[in-house]
Amino acid sequence: SRYHPCPDRLYCPGGGADPQPCPPGSYTSFTVKNLAEDAECTECEKKYNQTTRVWQSQYCDQGKMMGPCEAGYVCFKGVGPSPRPGLNISDNEQFGVIGIQYGGLCPSGHYCPEGTIEPVPCEPGTGRFQPGASKREDCIKCP
């Protein structure tokens with residue numbers, strides 16, 4: 001049988017003919033070739049932003065780094081704000097609010113600058129009743 005290299009940005013379990021994309025939240029560089037299993041995919045990168053005081057993450061989909069999570073959204077585990085089918089919003093508690101397992105609108109009572117992986121609570125004396133806040137100024141003074 002003739003050898004067929006695994007296509008870029010995919011992995012080929014068992015060296016087989018059924019290439020798969022890296023799992024959500026991971027990617028492969030165009031320089032990395034012939035992955036045999038999903039564990040060889042690279043986890044999306046994150047860093048601490050000193051200015052906004054939040055952890056920021058790129059989000060990854062279909063084996064590619066797509067960019068930072070949009071402001072007003074939160075991206076957990078490197079998965080983007082519009083998860084693919086099967087990556088549903090969770091009912092689990094996270095950060096003291098109804099959490100999101102993979103990605104979605106920033107929860108009420110918080111704001112989410114670009115790249116957010118951990119929603120930032122509104123400051124004491126302020127609040128936000130609707131989800132999707134992108135900056136501190138979106139939290140308004142309590143009456």
> Given 33, 64, 47, which one is in a strand (DSSP E or B), open to solvent by 70 Å² or more (accessible area, probe 1.4 Å) and modelled with pLDDT of 80 or more?
Replying inline: 64
> Right, residue 7: part of a loop (DSSP other than H, G, I, E, B) and touching a strand residue (DSSP E or B) at 6+ places or on another chain (Cβ under 7 Å) or not?
Replying inline: no
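The values are calculated or read from the model by the stated rules, or taken from the named source; none is laboratory data. All values reported here derive from a predicted model rather than from experimental measurement. Glycine gets a Cβ as well: all are built from the backbone with ideal geometry, and neighbour counts include every protein chain shown. Each accessible area value is taken on the protein alone, full model and side chains, heavy atoms only, with ligands, DNA and RNA left out. Shrake-Rupley method; radii C 1.70, N 1.55, O 1.52, S 1.80 Å.
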